[in-house]
Structure formats: C-alpha cells, structure tokens
Amino acid sequence: MSSSVQAITYFIADLHLSEDRPDITACFLDFLKNEAIKAEYLYILGDLFEAWLGDDDDSGFVNSIAQGLSSLTQQGTKIYYIHGNRDFLIGKKYAKKSGMILLPEVTSIDLYGEKTIIMHGDTLCTKDVEYQKFRKKSRSWWWKTLMTSLPLSFRKKKAADYRKRSSAATAMKPQNIMDVTESEVIKCLENHSSQLLIHGHTHRPAVHELKVNNLKAQRIVLGDWYQQGAWLKVSSTHKELLTKNF
C-alpha cells in the first residue's frame, strides 16, 4: 500500500443488511470496492446485519457479504468488528470467513496519535431501561447458547416476531430515551482517559463538542444506511462524515 492509503481509516455502523433491502447491499458492496479499498483500516461498529441468528446461517446472501469483506482484506485493508444490538451473535466462524477481527464492545485505539474510544453505542442509552434489561440477558452465555441450539428456521421466526414488537415499542418511546445519556458519555471518556468517542446505534449522525476533565472532547455519531450510505473518513489531518445516495 502507498503512504496515502495508509493514512486513511473508515468507520461505519448500522447498515442493517438484509435480503429485503438489496439496494443497501449493493451500496455496501460498492463502498467496499471503491471506497474502503483506499484505507488501511475499516472499523464496523455494529449492526452490519438487520439480524444475525448464528454462524450456521449459510445462505447465499450472508455468504455474498462475507465474500465482499474477504476480498477487501485480501487487497490489504484490515477489517475490525464490534458487535451491535442486532448482530451480537456473529462468532469466530463468520468472522474468519469474512476476514474480520472481532474486538471487545468497548475498544481503545490509537487513531493517528489520538487515543480514541470506539463502540456500538447502545450501552450509552441508559435511560432506555427496558432495553438495557434485555441487553444484559441476551449477552449472557446461557441465553446465547440456548438461542444458537434452536433450529435456524425457528430462530428466524422468533427474530422476525421480536423485530415487530421492538419496532412497536420504539415508536412509543420518547426520543430522548433512545439517545445517549450525556453523563454516561463523559464517564466513558473519563474512565479511558480519552477525548474522542466514535459510535453508532442512535442513527443520529453528528459531531458533538463537549468537555471532559476540563478539556475539549468530541463524540462522533455514525449514520445509518436506511436511506443512503454513510461513513466517517479519518486521516492524520481531518475527520469527515460522508454519505452516498443509493
């Protein structure tokens, strides 16, 4: 890779890929071929898929995504993945097939000399008590073991039912409940001695300025891919939220 390629890092989240939205899939595969290939690193901060039911899903759709990701890694771009709230069951098998490196749910990286915290972002939404209770249960080893032991067809049906209930419940919640709790953001940055946080989940792309330990800090929120492609491009000299229409 040339030095110009090595000086670029991309961050994406909340693509919610599914067979029902071939337009998003086409945009993502185009992004891998024509944008991400320019970078040394690609970080996917959760919810790559609308739902992930287990690494035993061997459909043509999920394999096409794995092939796109694997092709990118073969050309020199390293891909790192943090689980989201929709695809936390992605395991080592699919990660290996895709060429992705799985990271802890809260990870500290050196981003061109700036200590940066990256995460999906759902743990920051502490006001959504109902969701946080479900999250705690669904991340337990016994729940994941139970779910992945069920037939794939049954898991697909249960996931579809859950998404319908979740959408209905979300529609009834006030907007502030589904956004991050600012005190939790500050706490996270203070605990990791960092002035920069990058996350997804809320589908509210923006760059927020704040103060942490009486110093300037930033919280960068990645956009979702429901209506357009969205990514954060970072180099040693700038950070920029970008979009591309389907």
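The values are calculated or read from the model by the stated rules, or taken from the named source; none is laboratory data. Worth saying up front: this structure is predicted, and the values here are computed from it rather than measured. Please note: Cβ atoms are built from the backbone with ideal geometry, for glycine as well, and neighbour counts cover all protein chains shown.
Before moving on, here are some points about what is shown:
- The lone criterion from (1) at positive phi; (2) surrounded by fewer than 21 Cβ atoms within 10 Å (Cβ to Cβ) left unmet by His201 is number (2).
- When Glu190, Glu209, Glu130, Glu184 are screened for being surrounded by fewer than 15 Cβ atoms within 10 Å (Cβ to Cβ), within 20 Å of the chain's Cα centre (by Cα) and either under 22 Å from Asp47 (Cβ atoms) or modelled with pLDDT of 90 or more (or both), only Glu184 passes.
- Annotation: Asp122 fulfils all but one of (1) exposed (fewer than 13 other Cβ atoms within 10 Å of the Cβ); (2) touching a residue at least 60 places away in the same chain (Cβ under 8 Å); (3) acidic (Asp, Glu); the unmet one is (1).
- Any hit, the range 115-122, residues being assigned to a helix (DSSP H, G or I) and either among the small types (Gly, Ala, Ser) or closer than 19 Å to Thr202 by Cα (or both): yes
- Among the residues here, Thr116 qualifies as surrounded by 19 or more Cβ atoms within 10 Å (Cβ to Cβ) and of a type in the set (S, T, N, Q).
- Condition met for Leu146 (at negative phi and surrounded by 13 or more Cβ atoms within 10 Å (Cβ to Cβ)): no
- Summed over the range 212-246, residues that are at pLDDT below 95, closer than 20 Å to Gly46 by Cα and of a type in the set (Phe, Trp, Tyr) total 0.
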